[in-house]
Amino acid sequence: QVQLVESGGGLEEAGGSLRLSCTASGLTFSRYTMGWFRQAPGKEREFVTAITWRDGNKYFADSVKGRFTISRDNAKNTVYLEMNSMKAEDTAVYCCAAAFQRIARAAADYAYWGQGTQVTVSA
């Protein structure tokens, strides 16, 4: 059974930083592209960033470029999302997801999802 468990969410002030973690089990982590999505109240789920499984290429939504970074530790089956210079509009539930295909930017590309962790940024 595949499980993705996020941690690290919480309340942060605008301009601050948070680091999210997502630990996977039940799959060969190193063979999956890992992504982060977020969904704010009343809004559609949106792609944030992804890191590919084979070459470690990274993709970012324009809204987070230059502020967020993604990394992975295959030995720990964990992907990280480092969020810096946070803004109130970053407030959302953040979910990690796993995709078997190398390039995956759409939610439909992802086979497995975590439950999510709440991130709230106060203005």
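Bear in mind these aren't lab numbers, they're just calculated from the coordinates by the rules spelled out. Everything numeric in this text was worked out from a predicted model, so none of it was measured. Because the Cβ atoms are built from the backbone with ideal geometry, glycine has one as well, and the counts that use them run over all protein chains shown.
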Rounded to whole Å and sorted largest first, what semi-axes of the equivalent ellipsoid does the C-alpha gyration tensor of segment 40-100 yield via the square root of 5 times each eigenvalue?
21, 13, 11
Name the residues of segment 16-52 whose amide N is less than 11 Å from a point 7 angstrom out from the Cα of Trp113 along the C-beta direction?
37-39, 45-46
Loop GluC sites (Glu not before Pro), segment 1-93 (other Cβ atoms within 10 Å of the site Cβ: 15 or fewer; DSSP)
Glu44
What percentages make up the Cα-Cα pair-distance distribution of segment 75-123 when the bins are 5 Å wide from 0?
5, 16, 22, 23, 18, 12, 4, 1
By the rule of another cysteine's Cβ lying under 4.7 Å, the cysteines of the chain that fail to get a partner are Cys95
The rounded separation in angstrom of the Cα centers of segment 1-48 and segment 91-123 is 5 Å
Do any chymotrypsin sites (Phe, Trp or Tyr not before Pro) in segment 36-115 lie in a loop, going by DSSP, with at most 14 other beta-carbon atoms within 10 Å of their beta carbon, and if so which?
none
Starting at 0 and stepping by 10 Å, how many percent of the alpha carbon pairs of the chain end up in each bin?
15, 50, 29, 5
